[in-house]
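Working notes, structure below.
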Amino acid sequence: MPNVHKIDAVNQLTKKFESSSGIYFTCYTGMNVEQATELRKQFRESGVDYFVSKNTLSKIAATKAGYEDKLNDFFKGQVGIAYAGSDPTSPARVIKNFKKEYKDTLEVLGLVFEGEIYRADKYKELADLPGREELLARFVGTLSQSMGQLVGTLSGTMSKLVNVLNSLKKDKS
């Protein structure tokens, strides 16, 4: 029987499913309180929301968000869900770093990346990608290098033109 608390939880989860650029489903079986606290801290520092909710409520929220029954395979056992805001790869990096320190405590069940559904092994590829800020810095660096080369080329051409005009001027005088 739905109550106000459950309805609010479903509405909150639905908003998370709709607004997240990356959604990572994890199984946290075997994790102690200290490890869970550390994981939540790392997620929080990376701007990721990590929730543990009832699987039935999460299924309802996923359905309301437009995923129908496509995510039902991920809702088995003790499931925690990481919701990424603007950088959909940040949860993958947090999970990868966490698993280095605490082996066999966290298992990725699957993920939704930019609206596409992937199996668990995809997170390893995403974890190796550079962050959004680093990609933007590389892009700006590439643009600035190209513009610098263009300025150098135009400057060289202009100086050659000035030299030719000066030599013509000397020849005329």
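The set of residues in segment 115-143 being open to solvent by less than 60 Å² (accessible area, probe 1.4 Å) and at pLDDT 80 or above consists of GLY115, ALA120, LYS122, TYR123, LEU126, ALA127, GLY141.
Contact annotation: residue pairs with Cβ atoms under 6 Å, 6 or more positions apart or on different chains, pairing a residue in segment 38-66 that is at negative phi with a partner that is part of a helix (DSSP H, G or I) and open to solvent by 30 Å² or more (accessible area, probe 1.4 Å), are TYR50/ARG40; ALA65/GLU18.
Candidates in segment 1-50 are the residues that are within 20 Å of LEU71 (Cα to Cα) and polar (S, T, N, Q); of these, the one that is surrounded by the most Cβ atoms within 10 Å (Cβ to Cβ) is THR26.
Among the residues of segment 59-76, how many are closer than 10 Å to PHE17 by Cα and surrounded by 17 or more Cβ atoms within 10 Å (Cβ to Cβ)?
Taking segment 59-76 as the starting set, the residues that turn out to be closer than 10 Å to PHE17 by Cα are 61-67.
Those left that are additionally surrounded by 17 or more Cβ atoms within 10 Å (Cβ to Cβ): 61-63, 65, 67.
Residues that pass the stated criteria total 5.
Annotation note: of TYR28, TYR50, the sole residue that is of a type outside the set (Asp, Glu) and under 15 Å from GLY110 (Cβ atoms) is TYR28.
If a residue has to be more than 19 Å from THR29 (Cβ to Cβ) and either modelled with pLDDT under 90 or in contact with a Lys or Arg (Cβ under 7 Å, 6 or more places away or on another chain) (or both) to count, how many in segment 73-91 make the cut? Explain how you work it out, then say what you get.
Start the filter on segment 73-91 by keeping residues that are more than 19 Å from THR29 (Cβ to Cβ), which leaves 83-90.
Checking the rest, the ones that are also either modelled with pLDDT under 90 or in contact with a Lys or Arg (Cβ under 7 Å, 6 or more places away or on another chain) (or both) come to 83, 85-90.
Qualifying residue count for the region: 7.
The values are calculated or read from the model by the stated rules, or taken from the named source; none is laboratory data. Predicted, not measured: the structure shown is a model, and the values here were computed from it. For neighbour counting, all protein chains shown are included, and Cβ atoms are generated from backbone atoms with ideal geometry for every residue, glycine included. Accessible surface areas use protein heavy atoms only, side chains included; no ligands, DNA or RNA. Shrake-Rupley method; radii C 1.70, N 1.55, O 1.52, S 1.80 Å.
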